[in-house]
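Laboratory data are not the source of any read-out in this text; all were calculated from the coordinates shown. Here the structure is a predicted model, which is why all the values come from computation and not from measurement. When we count neighbours, we look across all protein chains shown, and the Cβ atoms used for this are built from the backbone with ideal geometry, even at glycine.
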């Protein structure tokens with residue numbers, strides 16, 4: 001019975017697709033990005049729309065079908081306003097960064113206000129749907145809803161076109177990926193609008209047309225929109241998810257198909273049963289790592305949990321590709337002679353101050369991650385031109401693992417350049433301070449507390465062996481342990497800033 005109802009099957013496929021898209025962003029992306037939060041809300045809203053369509057079409061009792069339609073009317077309205085708002089943010093992001101900022105343009109507020117009005121009237125009255133009719137039929141104001149749909153989808157398309165035009169004025173190496181995603185968003189807006197018109201016209205004029213083409217156009221367009229928005233939002237957060245997205249989608253799709261076919265082979269599956277199966281498979285396999293994190297709390301210590309979490313993040317990061325940095329070299333690279341290291345104030349032109357500050361912050365993060373590949377694998381510095389050049393020079397495959405190795409070598413080489421030109425004599429004192437505060441904590445992996453403990457161990461060993469003079473390592477570690485904490489971190493910051501400025505032009 002269910003196999004012969006193509007409309008219900010199409011709605012169930014759409015439900016599964018958008019449920020997975022929303023879950024994928026929820027577990028993979030950083031929710032500090034406003035675009036991602038809106039995309040998650042929009043995708044779950046679309047999943048609810050297809051769920052409502054499948055439930056309404058599968059219920060035989062007209063009264064129950066009308067009740068479901070009334071309760072879920074919001075799913076046909078609110079996601080449209082969300083997509084419109086999201087497109088306005090993308091148009092603004094093409095002109096200036098909005099990561100982490102809350103921004104609701106006036107036109108988006110107007111869209112939400114109209115949506116709220118339509119939801120209220122459509123739920124409480126028969127203006128848009130005549131819930132008393134059997135079968136259900138459009139109300140006298142249903143054409144107003146179709147107009148709202150056209151304005152929201154047309155406005156979103158216009159925003160995407162404006163965003164693409166703005167990106168065309170930016171450097172190709174920085175805007176290339178975003179341009180491709182905007183082209184995808186523009187392409188997705190068209191079938192989305194056509195699918196909505198097909199379903200709306202079929203319902204409004206009571207046409208004897210199958211809903212399958214409408215559903216097909218709708219969720220194909222929405223799939224392009226969902227993927228495009230997910231990819232675009234994560235590009236702004238420094239992640240190119242194309243490979244991981246396709247890999248994860250293929251796995252979830254195959255699992256759903258296998259489970260559905262196995263169940264259909266042994267039983268007559270109802271729409272409710274199929275919806276429950278698709279929900280369970282999609283939820284459990286997409287949020288699998290969350291479940292493992294909860295179990296880890298029962299079976300592993302804190303340090304083990306942290307290591308396992310880092311391993312999972314490491315595996316996930318390997319599925320993505322580095323994204324070009326939004327930094328532009330605007331200052332000359334200074335010498336790394338420790339005697340003339342820069343003062344605490346950054347040397348940057350006013351219009352590049354923010355980018356330089358961000359770049360220095362990323363360098364500091366990368367230096368502290370030298371001993372942890374799972375942390376370094378997420379560094380946006382992997383996309384530096386000098387990393388790509390070294391990768392090509394060493395004839396290595398271009399992947400995150402090799403980029404991590406090259407970036408680590410590059411940073412260690414920059415730390416080595418902080419060594420005084422005259423390396424003879426004790427490795428302590430002002431001439432060595434910038435080299436020591438980076439080399440020993442991050443390359444040799446001695447924390448300040450660890451340095452003190454190791455210095456004591458070396459001293460005890462020296463005394464047992466009857467040696468009077470401390471070795472170089474003992475001297476350095478004792479010196480590091482004696483440095484005032486505020487001074488120690490000030491020296492680290494100045495040294496890392498010097499490295500950042502040296503790499504600014506490379």
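In table form, for the structure just shown:
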| read-out | value |
| --- | --- |
| FRET E, pair residue 61, residue 289, Förster distance 45 Å, beta-carbon r, rounded to 0.05 | 0.65 |
| For segment 429-506, average projected area of the Cα convex hull in nm² | 5.7 |
| Share of alpha-carbon pairs per 5 Å distance bin for segment 378-448, given as whole % | 3, 15, 22, 16, 15, 12, 10, 5, 1 |
| Segments 483-489, 23-29 sorted - mean Cβ within 10 Å per residue, highest first | 23-29, 483-489 |
| Dmax and Rg, reported as Rg then Dmax, of segment 2-286 (C-alpha, Å) | 19.0, 59 |
| Rg/Rh ratio calculated on Cα atoms of segment 362-506 (Kirkwood radius) | 1.04 |
| On Cα atoms only, tilt of 271-286 relative to the major axis of the chain in degrees | 10 |
| By average C-beta atoms within 10 angstrom, highest first, the peptides 250-259, 185-194, 198-207 | 185-194, 198-207, 250-259 |
| Label-zone membership for segment 373-403, site residue 300, 7 angstrom Cα→C-beta point, backbone N under 20 Å | 373-378 |
| Degrees between helix 353-368 axis and first principal axis of the chain (Cα, 0 to 90, nearest 10) | 70 |
| Debye log10 I(q)/I(0) for segment 7-152, one point scatterer per Cα, at q = 0.11, 0.13, 0.21 Å⁻¹ | -0.47, -0.65, -1.29 |
| Angle between the chain longest axis and helix 212-236 axis [Cα atoms, degrees, rounded to 10] | 20 |
| Cβ-derived FRET efficiency at R0 22 Å, residue 475 paired with residue 416, nearest 0.05 | 0.70 |
| Cβ-Cβ FRET estimate between residue 265 and residue 208, R0 fixed at 30 Å, reported to 0.05 | 0.35 |
| Protection proxy ranking of 353-365, 467-479 - average other beta-carbon atoms within 10 Å, highest first | 353-365, 467-479 |
| Expected 222 nm ellipticity per residue - DSSP helices of 4 or more, -39500 (n - 2.57), all of the chain, to 500 | -23000 deg cm²/dmol |
| Rg/Rg_ref, the chain, where Rg_ref = 2.2 N^0.38 Å and atoms are Cα | 1.25 |
